[in-house]
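The values are calculated or read from the model by the stated rules, or taken from the named source; none is laboratory data. Since the structure is predicted, the reported quantities are computational estimates derived from the model, not experimental observations. Backbone-built Cβ (ideal geometry, glycine too); neighbour counts: all protein chains shown.
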Amino acid sequence: MILKIKKLNPEAKIPKYAHEGDAGMDVLSCEDVVIKSGEKKAIKTGISAEFPKEYVALVWDKGGIANKGITTIAGVIDSNYRGEWLILLFNTSKEDYIINKGDKIAQVLIQKFERAEIRESEDLGETARGEGKFGSTGK
């Protein structure tokens with residue numbers, strides 16, 4: 001599978017895998033930003049991409065900054081999207097968080113997916129779990 005990356009900003013960094021065997025490639029900020037405590041911000045990456053239609057780019061947290069309270073939200077990039085990759089980050093900590101240009105802000109996994117054929121139904125198959133919700137399997 002080929003992932004084509006286009007730099008929209010000459011200072012943008014191309015995402016890359018840090019280690020052999022990594023599932024996620026690091027995505028880097030293309031701007032200096034402060035995310036205040038409790039605030040969410042869309043961080044510019046300066047890149048756009050093209051990949052096959054049966055794949056999706058899934059945006060996930062980077063462990064190092066997630067440990068400091070910075071988490072990703074809105075993490076799906078569809079194959080038909082050609083705009084700039086913006087990484088939406090939320091600061092759950094009590095401290096402001098500084099992002100510098102070139103900092104790793106998220107990781108992206110490129111995964112093959114299957115589109116479901118959707119059918120409305122009056123009946124659903126029975127299972128052992130049934131309608132068991134959160135905590136239904138115990139502690």
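Quick one: is residue 119 modelled with pLDDT under 95, exposed (fewer than 15 other Cβ atoms within 10 Å of the Cβ) and farther than 20 Å from residue 46 by Cβ? Even if it seems obvious, please write down each step before you answer.
Values: modelled with pLDDT under 95: no; exposed (fewer than 15 other Cβ atoms within 10 Å of the Cβ): yes; farther than 20 Å from residue 46 by Cβ: yes.
The answer is no for residue 119.
Considering every residue within the stretch 61-69, establish whether at least one is in a strand (DSSP E or B) and either in contact with a Gly (Cβ under 7 Å, 6 or more places away or on another chain) or not hydroxyl-bearing (Ser, Thr, Tyr) (or both). Outline the logic, then answer.
So the first thing to find is which residues in the stretch 61-69 are in a strand (DSSP E or B), and the list is none.
No, because not a single residue in the stretch 61-69 is in a strand (DSSP E or B) and either in contact with a Gly (Cβ under 7 Å, 6 or more places away or on another chain) or not hydroxyl-bearing (Ser, Thr, Tyr) (or both).
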So residue 34 clears everything in (1) among the hydrophobic types (A, V, I, L, M, F, W, C); (2) over 27 Å from residue 114 (Cβ atoms); (3) free of Cβ contacts under 8 Å to residues at least 60 places away in the same chain except one condition, right? Which one? (3)
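Scan the stretch 1-39 for residues that are of a type in the set (Gly, Ala, Ser) and over 25 Å from residue 97 (Cα atoms) and report the count.
From the stretch 1-39, those of a type in the set (Gly, Ala, Ser) are 12, 18, 21, 23-24, 29, 37-38; that's our starting set.
Now restrict to residues that are over 25 Å from residue 97 (Cα atoms): 21, 23.
Result for the stretch 1-39: 2.
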Restrict the check to the stretch 104-113 and report whether at least one residue is modelled with pLDDT under 95, under 19 Å from the mean Cα position of the chain (by Cα) and part of a loop (DSSP other than H, G, I, E, B). no
Number of the condition not met by residue 71 [criteria: (1) β-branched (Val, Ile, Thr); (2) buried (at least 17 other Cβ atoms within 10 Å of the Cβ); (3) over 17 Å from the mean Cα position of the chain (by Cα)]: (3)
List pairs: first in the stretch 1-22 and more than 11 Å from residue 47 (Cβ to Cβ), second assigned to a strand (DSSP E or B) and at pLDDT 95 or above, Cβ under 7 Å, 6+ apart or cross-chain? 1/55; 1/110; 16/25; 16/26; 17/25; 18/26
Within the stretch 15-60, which residues are among the aliphatic types (A, V, I, L, M) and either in contact with a Gly (Cβ under 7 Å, 6 or more places away or on another chain) or more than 20 Å from residue 83 (Cβ to Cβ) (or both)? 18, 23, 28, 34, 35, 58, 59
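Would you check which residues across the stretch 28-52 are touching a Lys or Arg at 6+ places or on another chain (Cβ under 9 Å) and hydrophobic (A, V, I, L, M, F, W, C) and list them? Break it down stepwise before answering.
Within the stretch 28-52, the first condition is being touching a Lys or Arg at 6+ places or on another chain (Cβ under 9 Å), and the residues that meet it are 28-35, 37-38, 45-52.
28, 30, 33, 34, 35, 47, 49, 51 - these are the residues of the stretch 28-52 that are touching a Lys or Arg at 6+ places or on another chain (Cβ under 9 Å) and hydrophobic (A, V, I, L, M, F, W, C).
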The condition from (1) out of contact with any Ser or Thr (no Cβ under 9 Å at 6 or more places or on another chain); (2) touching a residue at least 24 places away in the same chain (Cβ under 8 Å); (3) over 21 Å from residue 23 (Cβ atoms) that residue 68 misses is numbered (1)
Going residue by residue through the stretch 40-58, is there one that turns out to be modelled with pLDDT of 95 or more, part of a loop (DSSP other than H, G, I, E, B), within 14 Å of residue 102 (Cα to Cα) and charged (D, E, K, R)? no
